[in-house]
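Asker: Right, I'll just put the structure down here and ask away after.
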Amino acid sequence: MTGEAVILKKPEHGISRRNIDADALRIIYRLHSLGFTAYLTGGAVRDMMLGKTPKDFDIATDARPGQIKKYFPRVFIIGRRFRLAHIHFREGKIIEVATFRKNPAPAVSDEPDANAAENIYGSPREDAFRRDITINALFYDAVTASVIDYVGGVVDLRRRRIRVIGDAGERFREDPVRIWRVIRYAARAGFAIDADTEREIAGQRHLLTQCSGARLFEEISKDLSHAETRFVIAGLREHGILRHIIGRAGAEYETNPACFARLLQFLSGADGETAQGVRIPLDEMAAILFWPWLEPLFTAAAGDMHPILKNAFVAAEMNVNLPKSLLSQVIEILVLAGRMIRALRNGRMRWSLRGRPQYPQASRLCFMIEKGRLPGNEESFENLFRQAFPQIPTWDRQRRRRI
Ligand code: ATP
Ligand code: MG
């Protein structure tokens with residue numbers, strides 16, 4: 001951890017203040033006027049240097065959470081082990097302001113420590129080094145319009161390379177989720193993974209099975225809500241990691257190219273929509289993720305699919321912990337989509353199912369299964385049904401009579 005930081009001035013980094021969220025800038029200037037250091041950090045700096053629009057603007061500072069609360073309105077302190085300040089703005093916008101910290105020493109005890117703050121908080125340099133990947137550890141100083149690089153992230157950005165900070169094996173053992181993150185950012189940016197890091201992925205990937213299912217769920221939710229899901233899932237498969245996350249479903253995708261090709265086609269359709277600003281609900285994305293794996297069950301079995309699908313999920317032994325309510329929504333979407341597909345073949349549909357909360361998601365999935373893409377504005381499962389059976393009404397006769 002020696003050596004000076006590399007400082008880039010505006011002509012070298014090309015970041016314009018105009019592309020930075022005005023509230024984030026205001027926070028930075030105010031902290032500065034109070035005598036604190038405050039930088040933009042993480043994904044925001046990385047994305048701006050790549051010419052992309054950042055999703056959010058995180059700030060790192062030497063002000064402590066209590067001080068931030070004192071000087072700004074609407075501050076909520078979150079987190080137990082490491083406290084962060086969330087500053088709330090209109091329309092639900094939140095800007096995260098975190099105090100510079102250092103990498104916790106691996107062997108610290110859980111005992112409350114009188115010097116706890118001194119063991120957690122650190123300098124900007126220490127804060128850069130505790131981060132995961134070099135391109136995620138750059139700071140942008142809005143006051144001097146310069147990028148500050150302690151870890152060689154700028155060179156890696158130019159060489160289009162993902163490199164773990166420090167010893168990759170050690171950093172993966174400290175937190176195996178970093179393996180996933182390396183693959184995610186390589187996939188999203190279209191960067192290569194540095195040879196050392198790549199070797200360690202192969203050696204340590206099994207450690208992902210030791211991560212808590214809740215944490216893995218957080219990670220998969222991030223990827224499923226992003227417009228580059230197909231690249232990340234393909235990267236995870238290529239590195240043999242899908243099986244460590246979604247169990248048998250992952251193993252099937254890793255070993256059955258035709259099944260995986262179908263999944264990729266579905267994900268491309270979904271990514272296209274997300275890129276245009278359509279927000280696909282998480283239950284629908286998860287149903288898309290699992291359909292190609294479960295599809296053969298629908299052709300093999302007759303009768304109620306609920307218990308069959310439930311058993312398949314139990315038998316899959318996934319390490320990701322899908323919350324119970326989400327899992328039952330996903331199963332409902334899959335079952336309804338299966339019924340719709342059957343209806344397109346035999347003309348028999350129970351239209352009262354339209355009242356089910358997951359019907360819209362299922363209708364879109366059914367369209368995807370038939371057409372390989374999500375439906376446009378004027379398209380739906382009903383359209384497909386009417387095209388196939390123009391003479392059959394799309395409501396339940398019996399029900400109509402009873403009303
Ligand atoms: P995006 O939000 O666009 O996916 P991001 O880089 O902002 O990308 P976050 O998950 O929001 O990613 O994390 C913010 C920053 O915190 C990262 O850029 C990285 O510097 C650091 N970070 C996140 N997770 C870890 C981790 N497991 N180990 C070390 N540093 C991490
Ligand atoms: Mg972020």
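Asker: Within region 330-337, identify whether any single residue is modelled with pLDDT of 95 or more and more than 27 Å from His244 (Cα to Cα), and answer yes or no.
Answerer: Taking region 330-337 and keeping what is modelled with pLDDT of 95 or more, we get 330-337.
When the remaining residues are screened for being more than 27 Å from His244 (Cα to Cα), the result is 336-337.
Yes - at least one qualifying residue is present in region 330-337.
Asker: If a residue must be among the hydroxyl-bearing types (Ser, Thr, Tyr) and within 16 Å of ligand 2 (Cβ to nearest atom), how many such residues does region 38-74 contain?
Answerer: We begin by selecting, within region 38-74, every residue among the hydroxyl-bearing types (Ser, Thr, Tyr); these are 39, 41, 53, 61, 71.
From what's left, within 16 Å of ligand 2 (Cβ to nearest atom): 39, 41, 53.
Matching residues across region 38-74 total 3.
Asker: Moving on. Restricted to region 176-223, and to residues that are in a helix (DSSP H, G or I) and of a type in the set (Val, Ile, Thr), which residue is nearest to the chain's Cα centre (by Cα)? Step through it out loud before you land on a result.
Answerer: Applying the first criterion (in a helix (DSSP H, G or I)) to region 176-223 yields 177-189, 195-210, 213-223.
With the extra rule that they be of a type in the set (Val, Ile, Thr), the set shrinks to 177, 179, 182-183, 197, 201, 209, 220.
Working: Val177: 12, Ile179: 14, Val182: 13, Ile183: 12, Thr197: 21, Ile201: 19, Thr209: 18, Ile220: 6 Å.
Filtering first and then ranking leaves Ile220.
Asker: Still on this structure: Do you know which residues across region 121-134 are of a type in the set (A, V, I, L, M) and either within 13 Å of ligand 2 (Cβ to nearest atom) or not assigned by TED's automatic domain parsing to the domain that holds Asp58 (or both)?
Answerer: The initial filter retains those residues of region 121-134 that are of a type in the set (A, V, I, L, M), namely 128, 133.
Once the filter is applied, which keeps residues that are of a type in the set (A, V, I, L, M) and either within 13 Å of ligand 2 (Cβ to nearest atom) or not assigned by TED's automatic domain parsing to the domain that holds Asp58 (or both), region 121-134 yields only Ile133.
Asker: On the given criteria, is Phe385 out of contact with any Lys or Arg (no Cβ under 9 Å at 6 or more places or on another chain), farther than 30 Å from Asn311 by Cβ, among the aromatic types (Phe, Trp, Tyr) and modelled with pLDDT of 95 or more? Don't jump to the end; show me each part of the working.
Answerer: Numbers: out of contact with any Lys or Arg (no Cβ under 9 Å at 6 or more places or on another chain): yes; farther than 30 Å from Asn311 by Cβ: no; among the aromatic types (Phe, Trp, Tyr): yes; modelled with pLDDT of 95 or more: yes.
The answer is no for Phe385.
Asker: Same structure, new question: Looking at Arg181, Arg173, Arg131, Arg159 in this structure, which one is within 27 Å of Asn19 (Cβ to Cβ) and away from ligand 1 (no atom under 12 Å from the Cβ)?
Answerer: Values: Arg181 fails: away from ligand 1 (no atom under 12 Å from the Cβ); Arg173 fails: within 27 Å of Asn19 (Cβ to Cβ); Arg131 fails: away from ligand 1 (no atom under 12 Å from the Cβ).
Every option except Arg159 fails the conditions.
Asker: Being among the hydroxyl-bearing types (Ser, Thr, Tyr) and under 21 Å from the mean Cα position of the chain (by Cα) narrows it down to one residue among Thr61, Thr37, Thr53; which is it? Working first, answer last.
Answerer: Numbers: Thr61 fails: under 21 Å from the mean Cα position of the chain (by Cα); Thr37 fails: under 21 Å from the mean Cα position of the chain (by Cα).
Selected residue: Thr53, the only one of Thr61, Thr37, Thr53 that is among the hydroxyl-bearing types (Ser, Thr, Tyr) and under 21 Å from the mean Cα position of the chain (by Cα).
Asker: Would you be able to say whether some residue in region 42-49 is at positive phi, within 12 Å of ligand 1 (Cβ to nearest atom) and crowded, with 21+ Cβ neighbours inside 10 Å? Spell out the reasoning first.
Answerer: First, pick out the residues of region 42-49 that are at positive phi: 42.
Filter once more, so that each one left must be within 12 Å of ligand 1 (Cβ to nearest atom): 42.
Restricting the remaining residues to those that are crowded, with 21+ Cβ neighbours inside 10 Å gives 42.
Yes: region 42-49 contains one or more residues that are at positive phi, within 12 Å of ligand 1 (Cβ to nearest atom) and crowded, with 21+ Cβ neighbours inside 10 Å.
The values are calculated or read from the model by the stated rules, or taken from the named source; none is laboratory data. Just so you know, these numbers come straight off a predicted model, no measurement behind them. Positions of Cβ are generated from backbone atoms using ideal geometry, with glycine treated the same way; all protein chains shown enter the neighbour counts.
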